[in-house]
Amino acid sequence: MKAELIAVGTEILLGDIVNTDAQVISQGLSELGIDVYYQTVVGDNPQRLERVIRQAKERADIIITTGGLGPTLDDLTKETLAQVFGKKLVLHEESLAHIRHFFSEIGREMTANNEKQAWLPEGCVPLHNDWGTAPGCAFEADGTHVIMLPGPPRECEAMFRERAMPYLYPLAGGCIVSRNVRIFGLGESAMEEILHDQMERMTNPTIAPYAKTSECFARITAKADTEEQAEAMLQPVVDQVVSVLGDCVYGVDVDSLEQVVGKLLTERGMTLSVAESCTGGLLSKRITDLPGASAYYKGGVCSYANEVKTALLGVSEQTLADVGAVSPTVAEQMARGVANCMGTDVGVGITGIAGPDGGSAEKPVGLVYISVWMQGRQRTHEMHGSLGRDRVRIQAASTALDLIRRMLIEGTN
């Protein structure tokens with residue numbers, strides 16, 4: 001099956017918003033084994049939208065649109081698709097009742113134009129929207145499947161995963177299941193080289209490498225008649241990939257390094273505190289983004305200035321004078337100091353030069369020292385980041401989390 005995505009919205013063309021919907025949908029279609037050959041963005045113009053739809057109809061088995069389902073005059077996606085495919089719009093009473101209930105719940109009066117959202121193509125499959133007012137819908141006509149989704153990313157992602165994907169499962173031909181092996185400390189190209197021969201040999205399951213900021217993952221996908229059969233096909237391949245990639249694998253089907261670290265700390269009944277300089281609180285933010293982090297995270301110190309390092313963390317003034325703030329010794333003293341200050345089992349110290357200024361030949365931009373003190377054991381890592389200030393900070397926070405993870409695992413082996 002070949003799919004085409006059409007994003008409707010002048011605000012996307014103007015660059016006012018980024019079309020994140022296309023990324024979410026393309027990734028989901030890949031999981032289903034449905035190929036995306038084209039992605040189009042078109043403004044809120046019925047003539048241009050009609051031309052784009054007619055073109056997609058000629059070359060795609062599945063058309064998925066995002067946006068243009070709202071109550072205003074320029075929301076014309078449904079009307080244009082109905083015209084192209086010869087469908088009449090009819091009032092869907094259940095959707096209208098949902099819209100009325102939505103406005104009642106938030107204590108606002110529903111304006112008359114909101115009824116427009118409840119008019120759907122005759123004979124379609126309504127896609128109920130629990131995350132907003134505009135329902136989506138799906139229908140098949142002239143050999144083409146059409147799916148309409150709302151544009152706001154919060155609604156679109158949920159609607160695609162919870163409503164559109166179940167509609168698409170039968171079209172994909174069987175059941176498709178994916179597992180994600182998450183990796184840190186190994187680049188995408190290095191991972192691909194390790195898995196290359198295996199990837200070339202395999203057709204079902206398949207292995208696909210993906211890169212994210214400062215980390216990567218391998219998605220392993222199997223297609224079978226049932227979910228149980230697909231899972232049975234996947235597990236040996238997952239086990240093999242994990243074995244080959246070794247301790248660079250930080251989890252399978254997990255969301256993030258901070259999630260894994262939080263789980264390990266909870267299981268061991270251990271507590272954590274952090275002292276950050278160049279990351280400016282980013283590590284603390286990532287840790288506390290997770291619900292329940294208060295069970296293991298006690299606090300942090302954003303010790304940007306040297307006087308804060310000495311006054312709060314006990315970093316030696318003589319050390320700062322001799323080797324400077326960006327040094328392994330200072331990172332180590334920060335880690336021990338914050339653990340002592342907070343009374344935690346684990347302390348982290350991060351100091352470095354995120355840039356774009358402040359570097360030198362001896363200490364270039366991107367140089368970061370990360371130290372983890374854990375119940376008397378200590379390990380320090382020298383990191384050389386690149387590609388801008390934000391990337392260096394993200395990479396440093398991730399490196400700290402991975403170092404904690406490794407030390408926690410080693411401590412129980």
Per the helix-only model, the chain has a calculated mean residue ellipticity at 222 nm (DSSP H runs of ≥4, -39500 (n - 2.57) each, divided over all residues, rounded to the nearest 500) of -12500 deg cm²/dmol
What the Cα atoms of segment 42-141 span along the principal axes, largest first and in whole Å, is 45, 25, 22
For Met110 the rounded accessible area (nearest 10 Å², probe 1.4 Å, non-protein molecules ignored) is 50 Å²
Ordered by number, the GluC sites (Glu not before Pro) in segment 88-142 that occupy a DSSP loop and have at most 10 other Cβ atoms within 10 Å are Glu109
Over all viewing directions the Cα convex hull of the chain casts an average projected area in nm² of 24.9 nm²
Relative contact order as a percentage, segment 199-247, C-alpha pairs under 8 Å and 6+ apart, gives 27 percent
Expressed in square angstrom to the nearest 10, the accessible area of Thr144 with a 1.4 Å probe stands at 0 Å²
Rounded to the nearest 5, the percent of antiparallel DSSP beta bridges in the chain equals 60 percent
Checking segment 317-413 for GluC sites (Glu not before Pro) in a loop per DSSP with at most 10 other beta-carbon atoms within 10 Å yields Glu362
Expected field for Ile34, accessible surface area in Å² at 1.4 Å probe radius, rounded to 10, holds 10 Å²
Here the gain from full extension of Glu105 to Met199, 0.36 nm per residue of separation minus their alpha-carbon distance, amounts to 28.7 nm
Two pseudo-spin positions, 7 Å from Cα along C-beta at Leu73 and at Thr206, lie apart in nanometres by 4.6 nm
For segment 271-325, the percent of all C-alpha pairs falling in each 10 Å bin, from 0 up to the bin holding the max distance, is 24, 44, 24, 8, 0
As straight-line cross-link partners of Lys88, the qualifying lysines (C-alpha separation under 16 Å, not fewer than 8 residues apart within one chain) are Lys78, Lys116
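How would Lys88, Lys57 rank on accessible area, largest to smallest, probe 1.4 Å?
Correct descending sequence by accessible area is Lys88, Lys57.
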Plugging the Cβ-Cβ distance of Asp255 and Ala190 into 1/(1 + (r/R0)^6) at R0 = 30 Å yields, to the nearest 0.05, a FRET efficiency of 0.85
Once both label points are put 7 Å beyond Cα along the C-beta direction, the Arg54-His128 separation in nm becomes 3.8 nm
At 25 °C and 0.890 mPa s, the Stokes-Einstein diffusion coefficient in µm²/s for segment 30-96, with hydrodynamic radius from the Kirkwood sum on alpha carbon pairs, is 183 µm²/s
The relative contact order of segment 53-94, taking Cα pairs under 8 Å that sit 6 or more residues apart, comes to a percentage of 26 percent
Here, segment 305-413 modelled as identical Cα point scatterers in vacuum has Debye log10 I(q)/I(0) at q = 0.10, 0.15, 0.22 Å⁻¹ of -0.28, -0.62, -1.18
So the FRET efficiency between Thr288 and Asp225, C-beta based with R0 = 41 Å and rounded to 0.05, is 0.40
Once the in-chain neighbours fewer than 8 apart are removed, the lysines whose Cα is under 18 Å from Lys223 read Lys2
Once Tyr210, Tyr38 are ranked on solvent-accessible area with the largest value leading and a 1.4 Å probe, the list reads Tyr38, Tyr210
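The values are calculated or read from the model by the stated rules, or taken from the named source; none is laboratory data. Note that the structure is a prediction, hence the values are computed from the model and not measured. No Cβ is skipped: glycine too gets one built from the backbone with ideal geometry, and neighbour counts run over all protein chains shown. All accessible areas refer to the heavy atoms of the entire protein, side chains included, with ligands and DNA or RNA removed. Shrake-Rupley method; radii C 1.70, N 1.55, O 1.52, S 1.80 Å.
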